[in-house]
Amino acid sequence: MTPPQSSSRLQAVLEAGHFAVTAELTPPKNPVAGPLTKKARLVADYVDAVNLTDCQTAVVRASSMACSMVVQKEGVEPVMQMTCRDRNLIGLQSDLLGASALGIRNLLCLSGDSPRIGDHPDATPVFDVNSFQLLQLVRDMKHKRLLASGHELKVGTNFFIGAAYNPMSKNLVSMVKRLSKKVEMGAEFVQTQMIFDVPTFESLMEAVRADGLHQQVHILAGVAPLKSVRMAEYMNAHVPGIQVPESLIERLRSVDNGDPARVLQEGVDICLEVVEKIRAIEGVAGIHIMAVFCEETVPEIVQRAGLFPRPDVTWDQA
């Protein structure tokens, strides 16, 4: 039996044609839920779902599945992230079955950062599958009710299937093909890397529309408030796929008088300008706010962008 069309709030918002808002929350490094609960309550009214990262940058944190359950208890819909780095094929499928049984309905499939950049550089990376193959695996468990072994499930999983996407490559043909392949493998929505260079993103979206992909997958554009000049410079130097124009870094420098709050406010203002431009691009279905360690800015960004209150939708919550 094919799962219902809207198995999550996020899916229902997108299927109804509303401009979606998601945000990202970082699981704690300690076995305590309090800080995450506080962040979930802070953003609850302003987003349609929140991503729980899966040991991002290969640093040990509480599991994405456990943290998804923490925010779900607070009435915030989770997007559970899953990387291919840390689990073999058995572990991936086991966690997928468990997450679906727990009522987690949104899943973002990722490759995962190399352990070499994290806090356990000697850890063994698994990568039994890559992110494309993980998408296909999740799709088959959902629609065909099949495990990778060919074993048939009595009940299929019920995820709204997502993928990450880097929109900043200058090779438009390659990037469109990559997005097309992710859709072919099962992606129903994508969340992009942080966007600061809007003209480059506009060029990509023009190519995406020419291929009709904007009608096949929901594209959520990644945005972020820059906290400091150092953050912007670090991302340009060390984070693949992120390009912060020098003009924006100069704006941060111009207000950097030793008051971090003033610099962050400028970062919020820049983020809102990016959001305004992105909303005008045909084919963009929403934004994904990556307010890393400054989640308190999410309500302001959503309110000032004119995206509050969030739409009232219905979906199958079984």
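With axes computed from alpha carbons, what is the tilt in degrees of helix 89-101 against the longest principal axis of the chain, rounded to the nearest 10 within 0 to 90?
The angle comes out near 90 degrees.
Pick from A164, A62, A210: which residue has the top mean-square fluctuation in a GNM of the chain where Cα pairs under 10 Å get a spring?
A210
Fewest first, what order do K154, K29 take by the number of other Cβ atoms within 10 Å?
Numbers: K154 5, K29 12.
Final ranking by Cβ density, sparse to dense: K154, K29.
Within 10 Å of each residue's Cβ, count the other Cβ atoms and sort Y165, Y46 from fewest upward. Walk me through the intermediate numbers first.
On the way: Y165 23, Y46 19.
Neighbour counts put them in this order, fewest first: Y46, Y165.
Among bridges DSSP assigns within the chain, what percent are antiparallel (round to 5)?
Details: 1 of 34 bridges.
Rounded to the nearest five, the antiparallel share is 5 percent.
Please express the shape of the stretch 48-153 as an equivalent ellipsoid: the semi-axes are the square roots of 5 times the eigenvalues of the C-alpha gyration tensor, given largest first in whole angstrom. All intermediate terms of the calculation are to be shown ahead of the outcome.
Values: eigenvalues 92, 78, 21 Å².
One finds semi-axes of 21, 20, 10 Å for the stretch 48-153.
Considering the options G150, P167, F189, tell which one lies farthest towards the positive end of the dipole of the stretch 123-234, charges being +1 on Lys and Arg and -1 on Asp and Glu at the Cβ, about the Cα centre.
G150
Between the helical axis of 198-210 and the dominant principal axis of the chain, each derived from Cα atoms, what acute angle in degrees is found, rounded to the nearest 10?
It is inclined by approximately 40 degrees.
Where Rh denotes the Kirkwood radius from the mean inverse Cα pair distance, what is Rg over Rh for the stretch 9-304?
Details: Rg = 18.7 Å, Rh = 19.6 Å.
Using Cα coordinates only, the ratio equals 0.95.
Put +1 on the Cβ of each Lys and Arg and -1 on the Cβ of each Asp and Glu in the chain; which of G17, F308, A62 then has its Cα farthest toward the positive end of the dipole?
A62
Count charges around P125 for me, please; just the other residues with Cβ under 15 Å from its Cβ, Lys/Arg as +1, Asp/Glu as -1. Don't skip to the answer; put the middle values down first.
Details: positive: R85, R87, R116; negative: D54, D86, D113, D119, D122, D128.
Result for the neighbourhood of P125: -3.
So, counting K/R as plus one and D/E as minus one, what does the shell of residues with Cβ under 10 Å around G283 add up to? Please list the in-between numbers first.
Working: positive: R209; negative: E206, E282.
Result for the local shell: -1.
Restricting the count to DSSP beta bridges whose residues both fall in the stretch 161-318, what percent are antiparallel, rounded to a multiple of 5? Each step should come with its number before you reach the end.
Values: 0 of 13 bridges.
Taking every DSSP beta bridge with both residues in the stretch 161-318, the antiparallel ones total about 0 percent.
Helix 34-43 against the longest principal axis of the chain: what's the angle in degrees, Cα atoms only, rounded to the nearest 10?
With both axes taken from Cα atoms, the answer is about 70 degrees.
Rounded to whole Å, give me the distance from the Cα center of the stretch 211-237 to that of the stretch 267-313.
12
Report the local net charge at V173: Lys and Arg +1, Asp and Glu -1, summed over other residues whose C-beta lies under 15 Å from its C-beta. List each step's numbers first, then the result.
Values: positive: K170, K177, R178, K181, R209; negative: E206, D211.
Cβ neighbours under 15 Å give a net charge of +3.
What residue among P225, F132, T200 has its Cα farthest toward the positive end of the dipole of the chain, where the charges are +1 on Lys, Arg and -1 on Asp, Glu, each on the Cβ?
Ranked along the dipole, the leading option is F132.
Provide F159, F19 in ascending order of the number of other Cβ atoms located within 10 Å of each residue's Cβ, fewest first. Numbers along the way, then the final one.
On the way: F159 28, F19 19.
Placing the least packed residue first, the sequence is F19, F159.
Every number in this text was worked out from the coordinates using simple rules, so none of it is lab data. The structure presented is a predicted model; accordingly, all values stated were derived computationally and were not measured. Cβ: placed from backbone, ideal geometry, glycine included. Neighbour counts: every protein chain shown.
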